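Beneath this line is the structure, given in C-alpha cells, with notes to follow.
The values are calculated or read from the model by the stated rules, or taken from the named source; none is laboratory data. Quick caveat, the model's predicted, so the values are computed rather than measured. All Cβ positions, glycine included, derive from the backbone under ideal geometry; neighbour counts span all protein chains shown. Side chains included, ligands, DNA and RNA excluded: accessible areas come from the protein's heavy atoms. Shrake-Rupley method; radii C 1.70, N 1.55, O 1.52, S 1.80 Å.
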Amino acid sequence: MKNEETLFLFAKAIKSLIKKQPLDKITVTDIVSTAGKTRQTFYRHFQDKYDLVNWYFEKLVLKEMNQGGSLQEALNLKFAFIEQEHTFFKEAFKSNDYNNLIHYDFCCIYDFYKNYIYKNTGKTLSSDIDFLLNMYCRGSVDMTVEWVLNDIPIKKEEIVSYLIEAIPDKLKEYMK
C-alpha cells in the first residue's frame, strides 16, 4: 500500500471516530485500531492525532483552494469542502490543543494569501501590509470557525462574499 493510501486510511478512521466522540477524547490507539494499522505506522507519518487532522485539512482544503482561479473561486471551493465535511470540521475546530486546526488554518490561509499576493504582484509584503494580512486572516479564521460551530447558519456563498468584502482596502490593492 502506498504511503498516501495509508495516510487516507488514518484520515478515514479519525473521521469515523469523530462522529462518535470529540476529537480530544480520541486516542491514537482508537485511530490505528479503526484503520487496521500499527502505532509505529501512524507515528512514522504523524506527530499526533492533531497532526493527522491538519494533514487532512491541508491535503484536501488547500488542494481545493489552489484549483480556484480567482480569490472568490478559491474560497468557494474551501467552504464547499468544509460544508461537505461539516461533522469532521465541527469537532476538529472544537479542540483546544496546542496543535489545533484553528491555528493550522490560520497558518495555511495566511500563507495562501501571501502566495496569492506574490503571484499577482511579484512583490513581498511590506510590514504594514503584512500586519493587515495577519489581522485579516485571524478574523477570517475566527469567522470560519464560528460558521462551522454554529452549524452553517448562512450559505457558503454569503460567507465568502462577506470575507471578501472585509478585506481592508489597502490590502485589496494587492489582491487584484
- Could you please give the count of residues in segment 66-98 that are open to solvent by 70 Å² or more (accessible area, probe 1.4 Å) and more than 23 Å from Ile14 (Cβ to Cβ)? 4
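So, in segment 14-48, exactly how many residues are in contact (Cβ under 8 Å) with a residue 24 or more places away in the chain and open to solvent by less than 20 Å² (accessible area, probe 1.4 Å)?
Counting residues in segment 14-48 that are in contact (Cβ under 8 Å) with a residue 24 or more places away in the chain and open to solvent by less than 20 Å² (accessible area, probe 1.4 Å) gives 6.
Anything in segment 123-135 that is open to solvent by 60 Å² or more (accessible area, probe 1.4 Å) and among the aliphatic types (A, V, I, L, M)? List them, or say none.
Step one: of segment 123-135, the residues open to solvent by 60 Å² or more (accessible area, probe 1.4 Å) are 123-124, 127-128, 131, 135.
Selection gives Met135 alone.
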- Message: Within segment 99-122, take every residue that is touching a residue at least 12 places away in the same chain (Cβ under 8 Å) and open to solvent by 40 Å² or more (accessible area, probe 1.4 Å) and give me the one that is nearest to Met143 (Cα to Cα).
- Response: Ile102
- Message: Against the definition (of a type outside the set (Lys, Arg), in a helix (DSSP H, G or I), over 23 Å from Glu91 (Cβ atoms) and at pLDDT 95 or above), how does Ser161 come out, yes or no?
- Response: yes
- So Phe57 fits all but one of (1) over 14 Å from the mean Cα position of the chain (by Cα); (2) surrounded by 14 or more Cβ atoms within 10 Å (Cβ to Cβ); what number is the exception? (1)
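The rows are residues; the columns are (1) out of contact with any Asp or Glu (no Cβ under 9 Å at 6 or more places or on another chain); (2) under 23 Å from Glu5 (Cα atoms); (3) among the acidic types (Asp, Glu).
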{"site": "Gly36", "(1), (2), (3)": "yes, yes, no"}
{"site": "Arg39", "(1), (2), (3)": "yes, yes, no"}
{"site": "Lys49", "(1), (2), (3)": "no, yes, no"}
{"site": "Lys63", "(1), (2), (3)": "yes, yes, no"}
{"site": "Gly69", "(1), (2), (3)": "yes, no, no"}
{"site": "Tyr116", "(1), (2), (3)": "yes, no, no"}
{"site": "Lys123", "(1), (2), (3)": "yes, no, no"}
{"site": "Asp128", "(1), (2), (3)": "yes, no, yes"}
- Output the number of the condition that Arg138 fails; it satisfies all remaining conditions of (1) open to solvent by 60 Å² or more (accessible area, probe 1.4 Å); (2) modelled with pLDDT under 95. (2)
